[in-house]
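K.L.:
This structure is in structure tokens; I'll ask about it shortly.
The values are calculated or read from the model by the stated rules, or taken from the named source; none is laboratory data. Bear in mind the structure is a predicted one, so any value in this text is a computation, not a measurement. Here the Cβ positions follow ideal geometry from the backbone for every residue, glycine too, while neighbour counts run over all protein chains shown.
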């Protein structure tokens, strides 16, 4: 048992020093000091799993980084990294220390964010992740305006899948993500931006080509071109379709893999099936392709697109600006859920794998 724990924060020669002090069960007093720089170094080594690479990203020499980590390990009387492993790996206790170090660094970084928010000074870097099926249609609608109206915000955008965004948010490598929700993830907060309906793309010669609109019951997975596993829009469509896929019936069908909606559209027009498109993607189609679009019956299925951030995120001013800038050019009807049928982006089990593309 330990008692009388205390944490003292001091600033010495522009270096923030954390000093922990406690008493053990025998009444002996123990102290331990660490700096944010040391915490930054161990997090960097954990991130890059290589001392030289970590030193390069921290803008110091490898001997300097190694010396500070060794000093920290001596202070703790534990080994944080197993240097015999290649690439280097944290020890069991080291992994726990690194998790706590990440939290400390996140909180220290947010002090500046808190001051900026209080003063109303919105500036600095904002790291944004966005899923591919949203990026192509959404980014051209807001990025230019954001750059012109808020030139002091340095927006860095990375196109990633949902799991990658969540992992980077968890490790503080992103400030926010734009993705399909709800996620039911306790680590993050979701702020819905818009509700994007699905549109059916039905080519000439298809069984539904002469219909004015498509019924929910007419959405069959076996003649649907899909994005492959990894894209949540694939799971949206699978969750929506009314009949489960039977691989025995499709053994002679062509399996197709691709990386974007444009490929799905071209394959659909060649007779390989129909596909579903998000509303903004459909809106951007050339006129000659828009004639193949059909609405789906009410309640119209849609996906919820949100800004997602860590619950401890304090860049609320930037997030508010980003949300307003994104929503401004969007059709009013997309901003409210109304009677739309929100389809889950979460993966469900299926009997097989239909036409798929990514």
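K.L.:
Collect the residues in segment 41-57 that are crowded, with 18+ Cβ neighbours inside 10 Å and within 18 Å of residue 103 (Cα to Cα), keeping them in residue-number order.
P.N.:
Matches in segment 41-57: 41, 42, 43, 44, 45, 46.
K.L.:
How about segment 104-149: which of its residues are over 27 Å from residue 183 (Cβ atoms), surrounded by 13 or more Cβ atoms within 10 Å (Cβ to Cβ) and modelled with pLDDT of 90 or more?
P.N.:
Residues satisfying the conditions are 145, 147.
K.L.:
Which residue, of 169, 160, 174, 215, is within 27 Å of residue 331 (Cα to Cα) and assigned by TED's automatic domain parsing to the domain that holds residue 308?
P.N.:
Working: 169 fails: within 27 Å of residue 331 (Cα to Cα); 174 fails: within 27 Å of residue 331 (Cα to Cα); 215 fails: assigned by TED's automatic domain parsing to the domain that holds residue 308.
It is 160.
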